[in-house]
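Undergrad: After the structure tokens below, expect a handful of questions from me.
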Amino acid sequence: MAEALLEVRGVTKRFGGFTALEKVDFLVRPGERVGLIGPNGSGKSTLVNCIAGTLRNEEGSIRFEGRDIGGHPAHRRTRLGLARSFQIPKPFGSMTVLDNLCVPLLYAARTHEELARSRIVEEATHILEQVGLADRARAMSGGLTQVDMRKLELARAMAAKPKLLISDEAMAGLSASEVDDVLALLSGLKEQGVAVIMIEHVMRAVMKFSERIAVLVAGRKIADGDPQSVVGNAEVVRAYLGE
Amino acid sequence: MSNKAFAAVAFVVALALAVASQLITNEYFFTAGYTVLLFVILATAWNILGGYTGYVNFGSAAFFAIGAYTTVALYNAFKAPLAVMIVSGTLVAGLAGLGLGYLTLRLRGVFFAIASLALAVVLYVFVVNWDFVGGARGAYILQPREVPFGMPRYIHLIYSVQLLMAALALVVARATERSTLGRGLAAIRDDELAAECSGVPTLRLKIFSAMMSCALMGMAGTTFPYYLSYVEPSSAFSLSYAVNSIAMPLIGGMMSWIGPLIGAVLLGTVQQLVQVTVSSAWNLLIVGALLVLFVTLAPNGIMGWVEARRRRKEH
């Protein structure tokens, strides 16, 4: 078994008296495609926030490439190669679509990859072509459609040149063909050796994409394994459909 | 235009204006010119934190007064040369900005704004009770009898220095805007969480931008005691500095270095005209009326309006 890229051990996160995550273990290997599912409010986004550093977990450890990153602020984690997209798009509204990508290219990608300043725009354009936003490059990002904003979210995370990309519900509200586009895009990252954690409610996409699926219910991980066995798991069925 | 070319142009223009002003003997020209230039620096400085980074500073007067009172303190201590006063005032105000930023910019939102307002009040009380710099009575600063560079009067020197400082402020603001730092600041302004997750060290950048902004405000204040030969707390901490340094970028446009320049020249000149023709009591009222007008009709200022028109034409 290859060494873990991301190793989450016993992570607990409380909001006041409410325990959002309880002793969650979670592992991602280099280049692996992992689906993270669970009903609304099960703690998926909280887990992502703890991994990305936008929330601090009270207990447990988070290691990235063997390094303990539990105390790192979010920007240092991004610089190490751990990028995320947001569930509700957060574009840099006063910038063009192209400039949106320049921010992570300048601030994150260059810290762990050779990238000359003169090649930033070229690289940003290349990523926009991959996500199908090339024709919107000069548009102001604040005026994009919801669908384009989701693509921009993904593109901006990719521009950080991550080793692990966390995609937080990138497909919500997309049409079937758009879902396929995004799926193809995320699958393409595997060829570049990028591991992906996909949080998604679109089950068709998760099943098609994931090599492994983890299920969170009420802050606990109740299943973790290959997609077929997980959806057959009685506990998972119960959590989703009720008894 | 590259940063170096712009700096060269800015300083050459400032020098040319300074040389030309030596021929002017009308005292009022310098009163008006100095004030407008002062506002150019204050507005440009405010915009680095307020416009580029998105954190509102209500305490511009405090940082301006720090510059002014550093000069007074150094004058009373050992009649320091003007250059020493300018550098010291800039540094002290920068340090105050750094401290305030460190304490309040860890939190997102209005904390910095409130703290900056509080700082102005606290410093005011402090200065009023500090005898060494004249306390509430104020302090007299005598302009040196000998004026360097063969200038006719000391006000010519102060005006020329102010011109160069305004050029410096514009060069710094423009270079910041176009640098990687400027992009990071814009990302913070647009969405701080997304900026942090894009690798932008938001806290460090915010504090740095606060320091830079406050240092330039302090710099603007250092020549003030020489301009009037007299400083007292209520004029150094005047509400007019805080209000104008917000209003001018807002009216000119906060997205680029040129906005505050346009706003300051426009509003500053109008205020001077009204002061002469009507009454100085109207100044703040005019600022208020213009602010309401712009916020409703052109919320992104003059430059924002121009930019929007240009974009519309392209499509």
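Undergrad: Can you give the angle from 0 to 90° between the axis of helix A:146-159 and the longest principal axis of chain A, with both taken from C-alpha atoms, to the nearest 10?
TA: The answer is roughly 90 degrees.
Undergrad: Based only on other Cβ atoms within 10 Å, what is the fewest-to-most ordering of A:Ile69, A:Ile88, B:Ile246, B:Ile66? Before the final figure, lay out each step's value.
TA: Working: A:Ile69 19, A:Ile88 10, B:Ile246 23, B:Ile66 29.
Listing A:Ile69, A:Ile88, B:Ile246, B:Ile66 from fewest to most nearby Cβ atoms yields A:Ile88, A:Ile69, B:Ile246, B:Ile66.
Undergrad: For a Förster distance of 25 Å, can you work out the FRET efficiency between the beta-carbons of A:Ala139 and B:Val295, rounded to the nearest 0.05?
TA: Working: r = 26 Å, r/R0 = 1.05.
Rounded to the nearest 0.05, the efficiency is 0.45.
Undergrad: If exposed means no more than 15 neighbouring beta carbons inside 10 Å and the site is in a DSSP loop, what's the longest run of chain B without any exposed trypsin sites (Lys or Arg not before Pro)?
TA: B:154-315
Undergrad: Can you give the relative contact order of chain B as a percent, counting alpha carbon pairs under 8 Å and 6+ residues apart?
TA: It rounds to 32 percent for chain B.
Undergrad: If I model a spin label as a point 7 Å beyond the Cα along the Cα-Cβ vector, how far apart are those points for A:Glu191 and B:Leu193 in nm?
TA: Roughly 3.4 nm, to one decimal.
Undergrad: Something else: Any chance you could check the Cα centroid distance between segment B:163-180 and segment B:280-314 for me, in angstrom?
TA: 23 Å
Undergrad: On average, how many beta carbons from a partner chain sit within 10 Å of the beta carbon of a residue in A:103-110?
TA: On the way: counts 12, 7, 3, 9, 11, 4, 2, 2.
Rounded to a whole number, the mean comes out at 6.
Undergrad: If you don't mind, there's one more thing I want to ask. Counting pairs of alpha carbon atoms under 8 Å apart in space and at least six apart in sequence, what relative contact order in percent does segment A:91-161 give?
TA: 53 percent
Undergrad: Rounded to whole Å, give me the distance from the Cα center of segment B:43-71 to that of segment A:31-77.
TA: Distance between centres, Cα-based: 39 Å.
Undergrad: Binning at 20 Å from 0, report for the protein assembly as shown what percent of all alpha-carbon pair distances ends up in each bin.
TA: Histogramming the protein assembly as shown at 20 Å steps yields 20, 43, 26, 10, 1 percent.
Undergrad: Something else now. Given the Cα atoms of segment B:3-238, and with Rh set as the inverse mean 1/r over their pairs in the Kirkwood sense, what is Rg to Rh to two decimals? Don't skip to the end; give the middle numbers.
TA: Numbers: Rg = 18.3 Å, Rh = 18.3 Å.
The Rg/Rh ratio comes out at 1.00.
Undergrad: Convex hull over the alpha-carbon atoms of segment B:228-315: what's its volume per residue in Å³?
TA: Hull volume over Cα atoms, normalised by residue count, gives 108 Å³.
Undergrad: In degrees from 0 to 90, rounded to the nearest 10, what is the angle of the helix B:82-104 Cα long axis to the longest principal axis of chain B?
TA: 40 degrees
Undergrad: At a 10 Å Cβ-Cβ cut-off, how would you order A:Val28, B:Val9, fewest neighbours first?
TA: B:Val9, A:Val28
Undergrad: For segment A:91-161, build the charge dipole from Cβ charges (+1 Lys, Arg; -1 Asp, Glu) around the Cα centre, then report which of A:Gly143, A:Cys102, A:Gly132 sits farthest towards its positive end.
TA: A:Gly143
Undergrad: Here's a follow-up. Measure nothing fancy, just the Cα-based angle from helix A:176-191's long axis to the longest principal axis of chain A, in degrees from 0 to 90, nearest 10.
TA: 90 degrees
Undergrad: Once you order the gyration tensor axes a ≥ b ≥ c over the Cα atoms, which shape class does segment B:1-113 get: rounded for a/c under 1.5, otherwise prolate or oblate by comparing a/b with b/c?
TA: oblate
Undergrad: Filter A:Lys151/A:Lys190; A:Lys23/A:Lys221; A:Lys13/A:Lys163 down to the pairs with a C-alpha to C-alpha distance above 20 Å, please.
TA: On the way: A:Lys151/A:Lys190 18 Å; A:Lys23/A:Lys221 9 Å; A:Lys13/A:Lys163 25 Å.
Beyond 20 Å between Cα atoms: A:Lys13/A:Lys163.
Undergrad: Further question: Quantify how strongly other chains surround peptide B:186-195 by giving the mean number of their Cβ atoms within 10 Å of each of its Cβ atoms.
TA: Mean partner shielding for this stretch: 6.
Undergrad: In addition: What FRET efficiency do you get for B:Ala5 and B:Phe132 if R0 is 51 Å and r is their Cβ-Cβ distance, rounded to the nearest 0.05?
TA: Calculated transfer efficiency: 0.70.
Undergrad: Over segment A:1-157, calculate the relative contact order: mean separation of alpha carbon pairs under 8 Å at least 6 apart, over the residue count, as a percent.
TA: For segment A:1-157, the relative contact order is 20 percent.
Every number in this text was worked out from the coordinates using simple rules, so none of it is lab data. Please read these numbers as outputs of a predicted model, since none were measured by experiment. In this analysis, Cβ positions are derived from the backbone assuming ideal geometry, glycine residues included, and neighbour counts consider all displayed protein chains.
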